[in-house]
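Report on the structure given below.
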Amino acid sequence: MKTAIVILNWNGKKLLEQFLPSVVNFSLPKAEVYVADNASTDDSIAYIKEFYPTVKIIENKENGGYAKGYNDALLSVDADIYGLINSDIEVTENWLDSISKEFKQNQNTAIVQPKILDFKNKTKFEYAGAAGGFIDLYGYPYCRGRVFNHLEEDQSQFNDVADIFWASGACFFIRSSVFHELKGFDEDYFAHQEEIDLCWRTQNLGYNIKYVGTSTVYHVGGATLQETNPRKTFLNFRNSLFNLVKNVPKQWFLFVIFSRLVLDGIAGIKFILQLKPIHTLAILKAHLSFYKNLMKFLGKRKQLSKRNDYNLHTSAVWQYFVLGRKKFKQLK
């Protein structure tokens, strides 16, 4: 199978200088390497042309964020498997081998994520994906190795191949045929949680999503938008609601949406108590944007024929914040 590694870049010359070497050294010749540039204004492209002539460059006409950036770029990539990786990812030797093996051996596997560890603390799982993602009843994402803000040490407890609900957009492998069958990422998301939506829609078609723990990458995280950035809060809260509207089964729809809006309100109060009112304002803006776009997303919901029941019996919020269960294997 032909594999293409595609790095989305926006004004990330410093990140490319630091992380592109490992991607090139450990991917070629098993895969082609592309940089999809989202209309950068720095000299990223000139740097790649000078120092990495084997890397193919795709120049997008605008910065459409993660979703549109990849949708536009992948129209120009000829491959069976797309490997979408952030520009702040360090890969390891032979990282592609077990991922390729999973795709070759299991035709129903559409999406694969490797183990994602923290570049700044390489013994710990990294927030954005860890050992594979899940969502709870209310649409809150969590991971094997990372439940909310609690990060586990990597003690080989997740060196397996496992079914997961979503794969991290930081390092996301997908069959090109499935990507185009689903018309790619939803561009209304701009960035954050569009990979969860795509994974959910992929499962609605009957495909599997896998975590392959024998492949390891290291992720800086927050290199594009820091955790303290209210824009990130806005996108995460709004897009999570979009996911629920598009994908929650009919019998659970009103209960889940209403409950989630209430829980978001509680999160807003918590931010005020933490003296972070700018994040409370971001949640309010997220809800206003959600209401503004509600009819549009109900229309998208009608286009989906089948809905995966996801994890309807687990509330990670209750177990984490009330029962104090911090590790993935403690959740029930």
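For the stretch 3-219, DSSP calls about 50 percent of its internal beta bridges antiparallel.
Tell me the trypsin sites (Lys or Arg not before Pro) within the stretch 62-163 that lie in a loop according to DSSP and have at most 15 other beta-carbon atoms within 10 Å. Hits after loop and neighbour filter: Lys120.
Taken as entire DSSP H runs, the helices of the chain that both span 27 Å or more between Cα atoms along their own long axis and average -0.5 or more on the Kyte-Doolittle scale are 253-273. Relative contact order for the chain: 19 percent, from Cα pairs under 8 Å spaced at least 6 residues apart, divided by residue count. Taking the Cα atoms of the chain, the ratio Rg/Rh between the radius of gyration and the Kirkwood radius comes to 0.95. Ranking of Leu331, Leu16, Leu254 by neighbouring Cβ atoms within 10 Å, starting from the fewest: Leu254, Leu331, Leu16. Setting aside same-chain residues fewer than 8 positions from Lys296, which aspartates and glutamates have a Cα under 17 Å from its Cα? Here the aspartates and glutamates satisfying the reach criterion relative to Lys296 are Asp186, Glu187, Asp188, Glu194, Asp197. For Phe19, the shell of other residues with beta-carbons less than 9 Å away shows a net charge of -3, using +1 for Lys and Arg and -1 for Asp and Glu. Taking a sphere under 10 Å around the Cβ of Gln157 and counting the other residues whose Cβ falls inside, with K and R at +1 and D and E at -1, yields a net charge of -1. Annotation: lysines with alpha-carbon distance below 27 angstrom to Lys14 (same-chain offsets under eight excluded): Lys30, Lys49, Lys56, Lys61, Lys68, Lys115, Lys120, Lys122, Lys124, Lys232. Computed across the stretch 230-305, the Kirkwood radius stands at 12.9 Å (inverse of mean 1/r, all Cα pairs).
How many angstrom lie between the Cα centre of the stretch 258-296 and the Cα centre of the stretch 19-42? Each part reduced to its Cα centre gives a spacing of 37 Å. Hydrodynamic analysis of the stretch 121-255 uses the Kirkwood radius over alpha carbon pairs. Inserted into Stokes-Einstein at 10 °C and 1.306 mPa s, it gives a translational diffusion coefficient of 101 µm²/s.
Rule-based calculations on the coordinates, nothing more; no lab input. This is a predicted model, so every value here is computed, not measured. With ideal geometry, Cβ positions are generated from the backbone for all residues, glycine too; neighbour counts draw on all protein chains shown.
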